[in-house]
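I have placed the structure first, in the form of structure tokens, so that the comments after it can refer back to it.
The values are calculated or read from the model by the stated rules, or taken from the named source; none is laboratory data. In this text the structure is predicted, and so the values were computed from the model without any measurement. Cβ: placed from backbone, ideal geometry, glycine included. Neighbour counts: every protein chain shown.
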Amino acid sequence: MTTPPPPSPSVQPSPAAPSAAAIVVAAGKGLRAGGAVPKQFAIWHGKPLVRHSVEALVAAGIAPIVVAIPAGWEQTAAASLQGLPDLVFIHGGATRQESVAHALEALADSAPAHVLIHDAARPVLPAAVIAGLIAALDTVPGAIPVLPVVDSVVRGAQGLRDHMVAREDLYRVQTPQAFHYDAILAAHRAWGKQVGEAQDNKPAEAGDDAQVAAAAGLAVALVPGDEALRKVTFASDLETETMPVAPTAPIALPRTGMGFDVHRLESGQELWLCGIKIDHTMGLSGHSDADVAIHALVDAILGAIAAGDIGDHFPPSDPQWKGASSDRFLAHAAHLVDQSGHQIAHVDVTIICEAPKIGPHKAAMRARLAEILKLPLDRVSVKATTTERLGLTGRGEGIAAQAVATVMPK
């Protein structure tokens, strides 16, 4: 097996044994596409071609992902996939089949139940295709995405039409192709013996992994493919207008939510702001501890993941939340962000009041919010302002707060 090149510092393989891993074949030179770099590293829709499908696999929870690359292009490959988790780089072989065989061997230690084998030249990888392939593996050892042939098909001879070919049983084959890992590993190991040796002791080249599987006697199911899985082959295919991204393609975008809250100041109440108790002549009135700053931040976080507002999760009509500490609300919102497949990138809170003075407490407030959200301190901001004695906050009748939260896909 070819010695794998070192991954970039931010790309490390996951130690957990996965249920589904993936192989992305990106070891070719891509000569038909032209250009100064192999086509898998050429920019397409603002990113290296290979990055599109790898991001789709990451978004689908597939890990680890072994990427077969050409020797000599290690730095380019690492830069193209910088920041993506659970990647392992290996050198490809002389043929596609050899590249896949090397990648399968690289997965031996993690021993996944299933493996998806995908060509980097197919950048748009719909999540529905991934799900359909994995579901098919419940009943068969292999599955491939296909599309029906809709045009008439004829066989030709010497440049002339020979005879019509029935198209009802003909399909266009795509990738990724999915298999039980142990079965396809054995099939690739046995490939040379199954199909016979060609000249110079080199096994016949396989068109795809389904051919290798069939040669080993494995049943391979056909599942619906997607027109978006079109292969990039020629230089013209790398032009943005030639291959528009399908709506089904996973798009990883940041999300931002905004929150606002206000509570009345009353005598005899405790004053809690950003999870910190502040000595003051009055406190905030509300069903819980009335921490207006946390309430605004909870709404901002919930808004970023489109999960409603604080009243949907902690209704004031529910007696269990009477006097409750608002840090529970904030921790719950952070948990929902994690469940949604996102992570909190940054939060910013502005407290609006005439009194008390917020400046002396800002450091403690930031630290408390960072603790509840499990964030580094530099991703938490707390500010304060007044309304120049205008309005309810200016008259000292209450305290308001507004907040902004940004979340990113994991």
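Is it the case that the stretch 255-267 has a residue that's among the polar types (S, T, N, Q) and either within 27 Å of the chain's Cα centre (by Cα) or at pLDDT 95 or above (or both)? Within the stretch 255-267, one or more residues are among the polar types (S, T, N, Q) and either within 27 Å of the chain's Cα centre (by Cα) or at pLDDT 95 or above (or both). Pairs are defined by a Cβ separation below 9 Å, a sequence spacing of at least 6 or placement on different chains, a first member in the stretch 333-346 that is acidic (Asp, Glu), and a second member that is surrounded by fewer than 20 Cβ atoms within 10 Å (Cβ to Cβ) and modelled with pLDDT under 90; the pairs so defined are 338/410.
Being among the β-branched types (Val, Ile, Thr) and farther than 12 Å from residue 297 by Cα is the filter here; which residues of the stretch 373-394 pass it? Passing the criteria: 385, 386, 387, 393.
Here is a yes/no grid of residues against (1) polar (S, T, N, Q); (2) modelled with pLDDT of 95 or more:
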residue: 339; (1), (2): yes, no
residue: 350; (1), (2): yes, yes
residue: 373; (1), (2): no, yes
residue: 380; (1), (2): no, yes
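Given the structure, is residue 141 under 30 Å from residue 182 (Cα atoms), over 19 Å from the mean Cα position of the chain (by Cα) and modelled with pLDDT of 95 or more? Against the criterion (under 30 Å from residue 182 (Cα atoms), over 19 Å from the mean Cα position of the chain (by Cα) and modelled with pLDDT of 95 or more), residue 141 qualifies.
Restricting the stretch 282-309 to residues that are part of a helix (DSSP H, G or I) and under 23 Å from the mean Cα position of the chain (by Cα), the residue that is farthest from residue 323 (Cα to Cα) is 304. Any residue at all in the stretch 104-120 that's touching a helix residue (DSSP H, G or I) at 6+ places or on another chain (Cβ under 7 Å), assigned to a loop (DSSP other than H, G, I, E, B) and either of a type in the set (S, T, N, Q) or within 18 Å of residue 211 (Cβ to Cβ) (or both)? No, the conditions are met nowhere in the stretch 104-120. Against the numbered list (1) under 33 Å from the mean Cα position of the chain (by Cα); (2) farther than 19 Å from residue 298 by Cβ, residue 319 comes up short only at (1). Residue-level analysis places residue 105 outside the set of residues that are within 20 Å of residue 124 (Cβ to Cβ), in contact (Cβ under 8 Å) with a residue 12 or more places away in the chain and acidic (Asp, Glu). Of all residues in the stretch 140-178, those satisfying the criterion of being among the hydroxyl-bearing types (Ser, Thr, Tyr) and either buried (at least 17 other Cβ atoms within 10 Å of the Cβ) or assigned to a loop (DSSP other than H, G, I, E, B) (or both) are 152, 175. Taking residue 320, is it in contact with a Lys or Arg (Cβ under 6 Å, 6 or more places away or on another chain) and of a type outside the set (D, E, K, R)? So residue 320 fails the test.
What about residue 31, is it at pLDDT 90 or above and closer than 23 Å to residue 102 by Cα? No: the conditions fail for residue 31. Looking at 296, 300, 403, 384, can you tell me which residue is buried (at least 17 other Cβ atoms within 10 Å of the Cβ) and in contact with a Leu (Cβ under 6 Å, 6 or more places away or on another chain)? None of the others qualify; the one that does is 403. Scanning the stretch 375-384 for residues that are outside any loop (DSSP other than H, G, I, E, B) and more than 18 Å from residue 283 (Cα to Cα) yields 377, 378, 379, 380, 381, 382, 383.
The number of residues in the stretch 293-343 that are β-branched (Val, Ile, Thr) and more than 23 Å from residue 365 (Cα to Cα) comes to 1. The residue list 372, 351 contains one member that is in contact with a Ser or Thr (Cβ under 9 Å, 6 or more places away or on another chain) and either closer than 26 Å to residue 280 by Cα or not in a helix (DSSP H, G or I) (or both), which is 351. Residues in the stretch 357-369 that are surrounded by 18 or more Cβ atoms within 10 Å (Cβ to Cβ) and either in contact with a Ser or Thr (Cβ under 6 Å, 6 or more places away or on another chain) or not in a helix (DSSP H, G or I) (or both): 358 only.
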